[in-house]
Each structure stands twice: as C-alpha cells, then as structure tokens.
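Here is the structure we will look at.
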Amino acid sequence: MTGVTSTTTTLTGRDKGEHVLIRLGYRRMFHRIKPGLYSVGNPSPESPVLVTANFTLSFDALRTSLGGVDAYILVLDTKGVNVWCAAGKGTFGTDEVVRSVEASGLKDVVTHRKLVLPQLGAPGVAAHEVKKRTGFAVLFGPVRASDVREYLRLGKATEEMRRVRFPTQDRAVLIPVEMKNYMWPSLAIAVASLLLGGWLALTAVVLAFLSGTTLFPLLLPHLPTKHFTSKGMTLGLLVSLPFAVLASYLSGFNGSPGTLSALAGVIVLMPPVVGYMGLNWTGCSTYSSRTGVKKEIFRFVPVIVVLLVAGLIMLAISGVGQLAGWF
C-alpha cells in the first residue's frame with residue numbers, strides 16, 4: 001500500500017453508471033476501490049489527511065466534496081462496506097486504521113500527526129489506541145462528506161455538522177436495493193400463494209413485499225412505537241385491515257371456510273412478515289446500534305416465529321380445502 005495515488009474531485013460517466021448499479025444492488029459487495037493513500041489537488045506535507053472506507057460510494061462522496069481543497073485521503077480496507085456499517089462490523093476499526101497508517105508510509109508523507117475520520121466511524125475506532133500505536137491523533141469530522149470543506153475551513157465541526165439525519169431522500173434511495181434483495185424469494189412465494197390460495201393470497205404477498213421494501217422506509221419516522229420490528233408489524237397490521245374487512249363481509253354471507261381461513265392466515269401473517277422486513281432496515285439506519293439491534297432480535301423474533309407458524313397453518317388449511325376442490 002505504499003505510494004500516493006492521485007484522484008480527482010469530479011465523477012466521470014463511468015463513475016455515475018457504477019453508482020446506478022450500486023443503487024440497484026448489482027454485485028453489491030464488488031463496488032470497491034483499492035485501499036491506500038490518495039491525493040486530491042496538490043497537497044503538501046501540511047495538508048490534512050481524511051480517512052474513509054473503500055466502498056465506492058463512500059470514497060466518491062468524500063473526494064467530490066473536496067473541490068478546491070488540497071488533501072490526502074487514506075482509504076481503509078473495509079471489504080467494500082460503507083463507513084457506518086463497517087464501523088459496526090469492526091472493519092472500519094482501530095486495527096485497520098493503525099495498519100493503514102503504517103502500510104501507507106504516512107509518517108513520511110506528512111509532517112503533522114492528525115487524522116480526520118468521519119463521525120459515523122467513531123463506534124469502531126478507539127482514538128487513544130490509534131494515538132498510542134501510530135502517534136497520529138484522531139479527529140472526528142462531520143457526519144456528512146458534504147460538510148468536510150466547511151469543517152476544514154473552521155477547524156472544527158459545528159453542532160449542525162454533528163447531527164445525524166436519515167431523511168426521506170436517504171431512505172428512498174435504498175428502496176431499489178431492498179426490492180432486489182427480496183425479489184426472488186417473494187416471486188417464488190407469490191407463485192406458491194397463487195396456486196394454493198388464489199388471487200387473494202397473491203395480492204397479500206404483493207402488498208407485503210411493497211410494504212416492507214417501499215412503504216416502511218418512506219413512513220419510518222411516522223410509524224408509532226420505538227423498535228423497527230414493531231413499526232413494521234404495525235404497518236403490516238394496517239395493510240391487513242382490508243382483508244379483515246373482507247373477512248367480516250364474507251362471514252356475514254356465509255363465506256366458504258376455505259376463504260375465511262385464507263383471510264385469517266393473511267391477517268395473521270402480514271404483521272410478522274412486514275415486521276421482519278422492518279427489522280432488516282436496522283442495518284441501513286444511522287440511528288440504530290449493535291446492542292439495540294441484538295435486544296430487538298431477541299425480543300421480537302420469537303413473536304414473529306409464533307405468528308408465522310399460526311398464519312401458515314391457517315393458509316395450509318385453506319390450501320387443503322382448495323386442493324380438495326380440484327378433485
């Protein structure tokens with residue numbers, strides 16, 4: 001990892017095309033750059049050293065925010081994972097910072113002994129250990145790369161720069177990846193549901209898919225309760241209400257037991273399915289924590305399993321009735 005590689009602060013058409021592929025979830029873990037020391041502008045030995053992950057979007061977000069700035073970028077080997085997630089996994093961590101400083105020969109490139117790390121990398125890095133092992137002091141910069149220039153100008157992060165946000169735009173941009181991740185399992189389940197439960201079951205699968213991948217992230221701050229799973233279960237319950245209304249209507253007209261059983265299964269299944277998909281969003285949000293996610297998993301997964309089993313039994317009863325009708 002020795003030597004300094006020059007990079008630019010502008011994106012090419014190829015870069016933008018790669019960003020589209022990343023947002024669509026294509027070869028998600030293969031969009032990475034080579035770890036090492038990079039330069040933007042014409043840095044001198046006194047120029048700042050900014051640290052980031054080797055995930056393409058992380059690197060590009062930082063370098064494109066440095067127009068007109070002379071600086072070095074130290075890229076850690078986070079296995080193609082962004083700063084926030086890598087900090088949680090430990091790859092954007094103390095040992096990797098120390099290793100990268102030593103492998104890049106940074107001490108021979110700059111005369112100062114300061115590293116500016118993104119604030120979202122703080123959970124994985126022990127600043128005092130880095131200082132002790134490398135001689136470089138760790139300074140935590142702003143949350144967003146777009147604030148780096150102002151941070152360097154002021155020499156500190158303002159309260160506004162420290163504020164962690166997860167606005168609608170940031171949540172919406174993740175929807176295509178989530179849809180891609182659930183697409184094939186959902187398609188298989190949809191086909192099976194159509195065969196066993198007819199259009200009613202198929203409609204339920206489509207609504208659950210759209211609720212967990214699209215409605216949940218868009219409505220996240222507005223859904224009641226504290227936990228992601230319970231937020232998802234609440235949304236699943238709301239989405240299941242039309243089926244409850246239909247079941248009530250059919251029961252008043254002596255609807256077939258098979259249809260009523262299918263409706264009951266859908267009503268019971270919708271909350272745990274959307275709740276599980278909501279739990280998955282803890283890995284996307286900047287306001288979840290490892291300890292909080294672990295507690296949430298142990299608290300809600302048993303509930304999800306019980307409801308899934310109950311709902312599947314109801315659908316199975318409906319399916320047996322459907323198959324019996326064929327013969």
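The values are calculated or read from the model by the stated rules, or taken from the named source; none is laboratory data. Computed from a predicted structure; not experimentally measured. Neighbour counts are summed over all protein chains in view; Cβ atoms, including those assigned to glycine, are modelled from backbone coordinates with ideal geometry.
In the stretch 41-97, the qualifying residues are those that are closer than 23 Å to residue 128 by Cα and of a type in the set (Ser, Thr, Tyr), and the one that is surrounded by the fewest Cβ atoms within 10 Å (Cβ to Cβ) is 94. Note on the stretch 287-327: among residues that are surrounded by fewer than 17 Cβ atoms within 10 Å (Cβ to Cβ) and in a loop (DSSP other than H, G, I, E, B), the one that is modelled with the highest pLDDT is 289. The residue that is nearest to the chain's Cα centre (by Cα), among those in the stretch 158-172 that are among the charged types (D, E, K, R) and assigned to a loop (DSSP other than H, G, I, E, B), is 165.
Just wondering, is there one or more residues in the stretch 14-22 that are at pLDDT 95 or above and in contact with a Leu (Cβ under 9 Å, 6 or more places away or on another chain)? No, the stretch 14-22 contains no residue that is at pLDDT 95 or above and in contact with a Leu (Cβ under 9 Å, 6 or more places away or on another chain). Of the residues examined, residue 67 is one that is among the small types (Gly, Ala, Ser) and part of a loop (DSSP other than H, G, I, E, B). Screening the stretch 13-64 for residues that are of a type in the set (Phe, Trp, Tyr) and not in a loop (DSSP other than H, G, I, E, B) and picking the one that is farthest from residue 91 (Cα to Cα) gives 38. Does the stretch 13-21 contain any residue that is without any contact (Cβ under 8 Å) to a residue 40 or more places away in the chain and small (Gly, Ala, Ser)? Taking every residue of the stretch 13-21 in turn, at least one turns out to be without any contact (Cβ under 8 Å) to a residue 40 or more places away in the chain and small (Gly, Ala, Ser). Checked against the criterion of being touching an Asp or Glu at 6+ places or on another chain (Cβ under 9 Å) and of a type in the set (D, E, K, R), the stretch 96-116 contains one or more residues that satisfy it.
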